[in-house]
Amino acid sequence: MKAVAIPLIVIYLLTLTNNVAYGQKPQHGDVLISEILFNPEPGGSDYVELYNATERDLELRDICLARLVDNSITRLYVVSDSGVLHSHQWVVVTSDEMYVKSHYDVRYPERLKEIASMPPYNDASGSVVVCNADTIVLDRLDYDETMHSAMLRDREGVALERRSYIAPTQDAANWYSAASTAGFGTPTYANSQSHEILFVDNDFAVGEGLFSPDGDGYNDLLDITYNLLQCDLSANIVILDSRGREVRKIGRGVTLGCQGDLTWDGTDDRGNKMPRGRYVVYIEAYNATGVSQTCRRSVALVRN
């Protein structure tokens, strides 16, 4: 049979399967440290949770934990020889899968990867380093036991969780002890102490905060404007009365661009005119991973 030449572009496209760019190793910031258990209970095992911050799937064989000696990488620990870390998902690396499963709520066991050995993580302080197969550092956390909550009587078995994937990894304020209500650890799923900063307080504005929807052509609408640093958020925006009851849905699951505006004409969901008084514009914005942030804006409705 005569051989058929396949164009190089076709060969390249064939490697892009399930959104995995084979051969493209992750770079700095693509994979972030999300959670670490460095002081397990006696007989237990450390674990490190990693988060894929990109829009593409990454091959696990290209992601490694690294051992540091005198601030130099001396050994790599490959997360897995096969499989992928899906976009905006987590993988947990440990040397004792059964320990993690028996002591914590592992909601997605397929995201738990057992390796023969782990880098040594001291109970008091140390460094977690993630790199690719070429030893390019993807993320690093220099942790200290004092980063745990001062309210804890016993730190053994309590994981340290990242609060935001936007805030710097090395910011100590970006880390906190996993909640007791979550079993002191959340391996394989969203952190109990997650507090993603999706927008800042002045990103949403409501004009002068006072409007008079009386049909005279002046200040009849309440303008709700936004100017966001992140341009891929969705939002629920509702109007609450002074007693906290929802009276009008401005938007449910609306997609926000970098900037834009919405309006309220002073009516409820049935088109009835609302009486004069104080109202609250309640905004809940969230990103593709489901992390949300809320804000409230107080406004005054006046009528002649």
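Key figures for this structure:
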item: Close pairs from the range 181-209: first outside any loop (DSSP other than H, G, I, E, B), partner buried (at least 17 other Cβ atoms within 10 Å of the Cβ) and aliphatic (A, V, I, L, M), Cβ under 6 Å, at least 6 apart; result: Asp203/Leu228; Phe204/Ile283
item: Complete set of residues in the range 45-75 that are of a type in the set (A, V, I, L, M), crowded, with 17+ Cβ neighbours inside 10 Å and outside any loop (DSSP other than H, G, I, E, B); result: Val48, Leu50, Leu58, Leu60, Ile63, Leu65, Ala66, Leu68
item: Residue check for Arg75: farther than 26 Å from Ala178 by Cα and in contact (Cβ under 8 Å) with a residue 60 or more places away in the chain; result: no
item: Those residues of the range 97-114 which are crowded, with 17+ Cβ neighbours inside 10 Å, part of a loop (DSSP other than H, G, I, E, B) and out of contact with any helix residue (DSSP H, G or I) (no Cβ under 7 Å at 6 or more places or on another chain), in sequence order; result: Tyr104
item: In the range 78-90, the residues that are in contact (Cβ under 8 Å) with a residue 60 or more places away in the chain and not in a loop (DSSP other than H, G, I, E, B); result: Val84, Trp90
item: Cβ pairs under 6 Å, 6+ apart, first in the range 93-112 and more than 15 Å from Ala159 (Cβ to Cβ), second open to solvent by 80 Å² or more (accessible area, probe 1.4 Å); result: Glu97/Glu114
item: Among the candidates Arg155, Arg163, residue that is in contact with a strand residue (DSSP E or B) (Cβ under 9 Å, 6 or more places away or on another chain), more than 27 Å from Asn287 (Cβ to Cβ), in contact (Cβ under 8 Å) with a residue 24 or more places away in the chain and of a type in the set (Lys, Arg); result: Arg155
item: Answer residue from the range 122-166, given it is in a loop (DSSP other than H, G, I, E, B) and among the hydroxyl-bearing types (Ser, Thr, Tyr) and is surrounded by the fewest Cβ atoms within 10 Å (Cβ to Cβ) among those; result: Thr135
item: Criterion (surrounded by 12 or more Cβ atoms within 10 Å (Cβ to Cβ) and outside any strand (DSSP E or B)) met by exactly one of Asn219, Asn304; result: Asn219
item: Breaking point among (1) under 28 Å from Thr289 (Cβ atoms); (2) open to solvent by 60 Å² or more (accessible area, probe 1.4 Å); (3) assigned to a loop (DSSP other than H, G, I, E, B), for Lys249; result: (3)
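Residue by residue, here is whether (1) among the basic types (Lys, Arg); (2) exposed (fewer than 13 other Cβ atoms within 10 Å of the Cβ) holds:
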position	(1), (2)
Ala182	no, no
Thr186	no, no
Phe211	no, no
Gly215	no, yes
Leu256	no, no
Arg270	yes, yes
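So that you can scan it fast, the table gives a plain yes or no per residue for (1) within 30 Å of Gln24 (Cβ to Cβ); (2) touching a strand residue (DSSP E or B) at 6+ places or on another chain (Cβ under 8 Å); (3) not aromatic (Phe, Trp, Tyr):
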position: Ser87; (1), (2), (3): yes, yes, yes
position: Trp90; (1), (2), (3): yes, yes, no
position: Arg107; (1), (2), (3): yes, no, yes
position: Pro119; (1), (2), (3): yes, yes, yes
position: Asn122; (1), (2), (3): no, no, yes
position: Val129; (1), (2), (3): yes, yes, yes
position: Leu138; (1), (2), (3): yes, yes, yes
position: Met147; (1), (2), (3): no, yes, yes
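The values are calculated or read from the model by the stated rules, or taken from the named source; none is laboratory data. Worth saying up front: this structure is predicted, and the values here are computed from it rather than measured. Please note: Cβ atoms are built from the backbone with ideal geometry, for glycine as well, and neighbour counts cover all protein chains shown. Heavy atoms of the whole protein, side chains included, go into the accessibility calculation; ligands, DNA and RNA do not. Shrake-Rupley method; radii C 1.70, N 1.55, O 1.52, S 1.80 Å.
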